[in-house]
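Here's the structure we're looking at; comments come further down.
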Amino acid sequence: MKKHTIVALVQDRPGVLSRVVGLIRRRGFNIESLAVGHSETPGVSRMTIVVEWEDVEQVVKQLYRLIEVLKVSDVTNDPIVEREMALMKLHAPPAKRPEIVALTEVFDAKIIDVGANTMVIEMTGSPAKVQNFIDVIRPYGIKEMMRTGRIAMVRGARGHTAEEFVESANGHAERVPAMN
Amino acid sequence: MSEKRTGAQVMCEALIRNGVEVMFGIPGGAIMPFYYAMWEYRDKLRHVLCRHEQGAGHAAEGYARATGRLGVCIGTSGPGATNLVTAIADAMMDSTPILAITGQVGSHVLGKDAFQETDITGITMPITKHNYLVKRAEDLPYVFEEAIYIATTGRPGPVLIDVTKDAQQATIVPDWNIKLDLPGYKPNYRPNLKQVREAIKLILSAKKPLIIAGHGIIMSGAVDELRAFAERTRIPVITTLHGIGAFPEDHPLSIGMPGMHGWVHVNRAIQECDVLFNIGGRFDDRVTGKASTFAPNAKVIHVDIDPSEIGKNVKVTVPIVADARLALQAFLNEFPPDREAFAELHSHASDWMEHIREMQAKHQPKQQYLNRADTEKMSLPPHDVYAALTKALNSRGNYRVVTDVGQHQMWAAQLIDWYRPRTHITSGGAGTMGFAVPAALGVAIACPNDTVWVICGDGGFQMTNQEMATIVQEGIKNVKIAVINNGYLGMVRQWQELFENKRYSGTPLSGPDFAKLAEAYYWKGITVEHTSQVEAAIEEAYETDGPVLIDFRVEREVNVFPMVPQNKSISEMILESPHKS
Ligand SMILES: Cc1ncc(C[n+]2csc(CCOP(=O)(O)OP(=O)(O)O)c2C)c(N)n1
Ligand SMILES: [Mg+2]
């Protein structure tokens, strides 16, 4: 099964995250990561979901059934930039620190806190690079780690903005009455 | 001028503004303010007190299915709300527009396990088209408007509104100046004409075309358009379980029901056809059997209002996302005007129809089990009940039939002649036993001038028959119940007979004396044990000015044939029991 990256624009209403997650859960798929936050337009959130899926198309269509979902795309095969952030607290006694500092420089990671025997490092980059860094740093002893999950954006002019949906929100769909 | 109102009054006014006239429900602590307010509006808003919230939900469904209008059901928080769940799920599966209103504990104790608190919006998230938790009275006008709009437009479905008790009690000046803000909900009604022309090309070049007419025809009111389309093209028409009534069965182009208990000639025709035009059906697995083997030679044209149905189970050549009626109108407009263009199609279609009728002549009478030697030994074969009932329905007219789930349901679909939309109402997608009696309550209120027949099994009847009391309390006289009493959970027993070596585990079923039970509910009860009594009993039911139950004690171990075993190809039909008794 292939990993897919799905980007969804949703109206920011209570329960919308539950609905999206519920729809995926229903099919028994495991969500590898999910990141949600405000988009460029007030009232609209953007989600990036990474999941192993067979028939993504069907799930994308079903996501559209949700009233608050504005747009969903499977961007797996699109030219995208992807980023993820990880915070990790390392076991870092003074003797090990120079090595750790050197590695963070190589990977462009940041040291954001230093304690008596610990360091907190922030690593941001492509998911592969973040993973690489984690693999390299793990032998020093990771005491705590938190990853944000990836966020993705299509390169160039293409992509989808939240604005177009908000503008067309006036005059809702015509109502065709059922006849008997 | 807007005046001050309680949230509960706002709820009543919102319903009235949206044309609601009847509601089915049961009160309780968290919904009491709504009941308090409802009293003032009782001239416009009729409340029907049910005996179980599941019954209220099915009654709302019956009302909606009989009319196409919104059905409304009400429950209190906690158990009242959870009792609605089965009916809500049923409405979701059968695209039935209902609004469920539930009371919720006060907003200050939400999430604190207050008395009778249940997270009903969480529970019903996957079985509603949409749902709401309302904590502020100010939000009620908008939420009711949006909820009803969502329930009744596009592909209809159930919507639930959970209202906290304090929101019902609060006093506000309602703002009825409502502008819906639904950027993510824009059902597409009008078909893409390019696709329509593509489909027409395919149809005109077909040699063995078929139409499958589904629930969408009935919901969109496309019966006349379907008929015009079929007559123009002369393509044979199949009606699914929920498509029953979309096309009259006495029409020369009607060929009947497909699928698990469909007719042999219909399933064979599907397997042979080269163009399959499905309008408003969703290729349910009870229709397709094993989907990968379904209609192997066909190019499929699929019209559905819900894009997520297209390509879900069956590969589609020409997808058309649209309302069935508007789509068919577009086809009729886009057809070439000259008769010549149809000449070739008509000549192929007539050969094709001849072939289908030959298959039908060979298989159908036997499948109906009407002439079989062993039915002659039975004192009351179920088929005799259906034959007499069909005769009565046809001669008396003005009827609605509500069926439950099981063998009796399939026999009803097979053996009664169906002509008109919304005359056959059943639980299809969910297959909810216990649907029929409460649904008939809703149908009877919606259609006071029709005789509403319930056909149910002894199993399903015992799940929800307490609504017989509701029917009496409401003064409803036009409901007649036919219990096809075989002393078994018959459909399950049939599977056990055919596939599990007659191990009747958990299927033999006893019951009370149903006629006496009916009498206890102040109904007329009649018991029928022999074919010779059937017609008279039905006659008596019609002549009685009030609700009547007939307990048809039919032969116990009769099967529904033909049958496609689950997950087998529809080419593999079983026509009779391998076990000879
Ligand atoms: C609520 C519910 N429980 C269980 C089933 C499974 N089921 C399907 S048909 C059937 C037998 C129905 O028996 P009865 O109502 O007597 O009808 P019959 O098949 O005998 O005509 C059962 C148990 C169901 N469909 N719905
Ligand atoms: Mg039974």
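The values are calculated or read from the model by the stated rules, or taken from the named source; none is laboratory data. It should be emphasised that the depicted structure is a prediction, and the values quoted were computed from it without experimental measurement. Note: ideal-geometry Cβ built from the backbone for every residue, glycine included; neighbour counts use all protein chains shown. Ligands, DNA and RNA are excluded from the accessible area calculation, which covers all protein heavy atoms including side chains. Shrake-Rupley method; radii C 1.70, N 1.55, O 1.52, S 1.80 Å.
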Fill in the blank from the handout: Carbon plus sulfur, as percent of the 1.4 Å-probe accessible area of chain B, comes to 49 percent
Problem - Solvent-free Debye scattering, log10 I(q)/I(0), computed from the Cα coordinates of the range B:373-553 at q = 0.17, 0.18 Å⁻¹ - result: -1.07, -1.21
Completion exercise
With the full set of protein chains present, the residues of the range B:109-129 whose 1.4 Å probe accessible area falls by 40 Å² or more relative to the chain alone are B:Met125
Exercise for the section: Net charge near B:Val163: determine it from the other residues with C-beta under 13 Å of the C-beta of B:Val163, scoring Lys and Arg +1 and Asp and Glu -1. Expected result: -1
Problem - Candidates A:Arg26, A:Arg46, A:Arg150: whichever shows maximal mean-square fluctuation once chain A is modelled as a Gaussian network with Cα springs under 10 Å - result: A:Arg26
Problem - Solvent-accessible area per residue, Å², over the protein assembly as shown with all protein chains present [probe radius 1.4 Å] - result: 41 Å²
Handout entry: Rounded to whole Hz, the Karplus (6.51, -1.76, 1.60) HN-Hα couplings of the range B:417-433, x for glycine and proline
Key = 8, 10, 10, 10, x, 6, 8, 10, 10, 8, 9, x, x, 8, x, 8, 4
Problem - Accessible heavy-atom area order of A:Lys143, B:Lys186, B:Lys179, highest first, probe of 1.4 Å - result: B:Lys179, A:Lys143, B:Lys186
Exercise for the section: Return one number: the angle in degrees, 0 to 90 and rounded to the nearest 10, between the long axis of the Cα atoms of helix A:127-137 and the longest principal axis of the Cα atoms of chain A. Expected result: 20 degrees
Handout entry: Estimated 222 nm signal from helices in the protein assembly as shown, with DSSP H stretches of n ≥ 4 weighted -39500 (n - 2.57), rounded to 500
Key = -11000 deg cm²/dmol
Practice task
Find the eigenvalues of the gyration tensor of the Cα atoms of the range B:253-375, then list the square roots of 5 times those eigenvalues as equivalent ellipsoid semi-axes, largest first, in whole angstrom.
Solution key: 28, 21, 13
Handout entry: Buried solvent-accessible surface, both chains (A, B), 1.4 Å probe, Å² to nearest 100
Key = 2800 Å²
Practice task
Could you grab the relative contact order for the range A:81-151? Cα pairs under 8 Å, six or more apart, rounded to a whole percent.
Solution key: 52 percent
Exercise for the section: Find how many whole Å separate the alpha carbon centroid of the range B:80-103 from the alpha carbon centroid of the range A:81-107. Expected result: 54 Å
Practice task
Could you list which residues have their amide H under 5 Å from that of B:Trp418, counting only those 5 or more apart in sequence or on another chain, with H placed in the peptide plane?
Solution key: B:Glu249
Practice task
Rounded to the nearest Å, what's the spacing between the alpha carbon centres of the range B:487-552 and the range A:9-37? Just the number, please.
Solution key: 47 Å
Problem - Sequence of B:Met32, A:Met88, B:Met491, A:Met145 when ordered by accessible area, the most exposed leading, probe 1.4 angstrom - result: B:Met32, A:Met145, B:Met491, A:Met88
Handout entry: Estimated vicinal HN-Hα couplings, Hz - the range B:473-485 in sequence order (Karplus 6.51, -1.76, 1.60; Gly, Pro = x)
Key = 4, 7, x, 7, 10, 8, 10, 10, 10, 10, 8, 8, 8
Problem - For chain B: relative contact order, % (alpha-carbon pairs under 8 angstrom, 6 or more apart) - result: 14 percent
Fill in the blank from the handout: Expressed in angstrom and rounded, the centroid-to-centroid distance over alpha carbons for the range B:219-236 and the range B:185-210 is 14 Å
Problem - Long pairs among A:Lys71/B:Lys179; B:Lys129/B:Lys290; B:Lys391/B:Lys502; B:Lys290/B:Lys312; A:Lys61/B:Lys186, criterion Cα-Cα beyond 24 Å - result: B:Lys129/B:Lys290; B:Lys391/B:Lys502
Practice task
Run the 1.4 Å probe and let me know the accessible area of B:Ile26, rounded to the nearest 10 Å².
Solution key: 30 Å²
Exercise for the section: For the range B:180-187, take each phi angle, set θ = phi - 60°, evaluate the Karplus expression 6.51 cos²θ - 1.76 cosθ + 1.60, and give the result in whole Hz per residue in order, putting x for glycine and proline. Expected result: 5, 10, 10, x, x, 10, 9, x
Exercise for the section: For the range A:56-165, report the translational diffusion coefficient in µm²/s to the nearest whole number, using Stokes-Einstein at 37 °C, 0.692 mPa s, and a Kirkwood Rh over Cα pairs. Expected result: 200 µm²/s
Problem - Relative contact order computed over the range B:373-553 (Cα-Cα under 8 Å; 6+ residues apart), in percent - result: 23 percent
Problem - Percent accessible area from carbon and sulfur atoms, the range A:81-151, protein chains only, probe 1.4 Å - result: 57 percent
Fill in the blank from the handout: Residues meeting the amide H criterion for B:Phe277 (H placed from the backbone, H to H distance under 5 Å, 5 or more places apart or on another chain) are B:Leu210, B:Ile211, B:Ile212, B:Ile301
Completion exercise
Taking every other residue with Cβ under 9 Å from the Cβ of B:Ala206 and scoring Lys and Arg +1, Asp and Glu -1, one gets +2
Problem - Cα-based shape type of the protein assembly as shown, given that a ≥ b ≥ c are square roots of the gyration tensor eigenvalues and the cut on a/c is 1.5 - result: prolate
Exercise for the section: Taking the Cα centre of the range B:5-172 as origin, sum charge times position over the Cβ atoms of Lys and Arg (+1) and Asp and Glu (-1), and report the length of that vector in debye to the nearest 20. Expected result: 260 debye
Completion exercise
Measure of exposure for B:Glu334: accessible area at 1.4 Å probe, Å² rounded to 10, is 60 Å²
Problem - Exposure rank, largest accessible area first [B:His58, B:His355, B:His215; 1.4 Å] - result: B:His355, B:His215, B:His58
Exercise for the section: Have a look at the DSSP beta bridges in the protein assembly as shown and tell me what percent are antiparallel, nearest 5. Expected result: 40 percent
Fill in the blank from the handout: With all protein chains in place and a 1.4 Å probe, B:Glu535 shows an accessible area in Å² (nearest 10) of 100 Å²
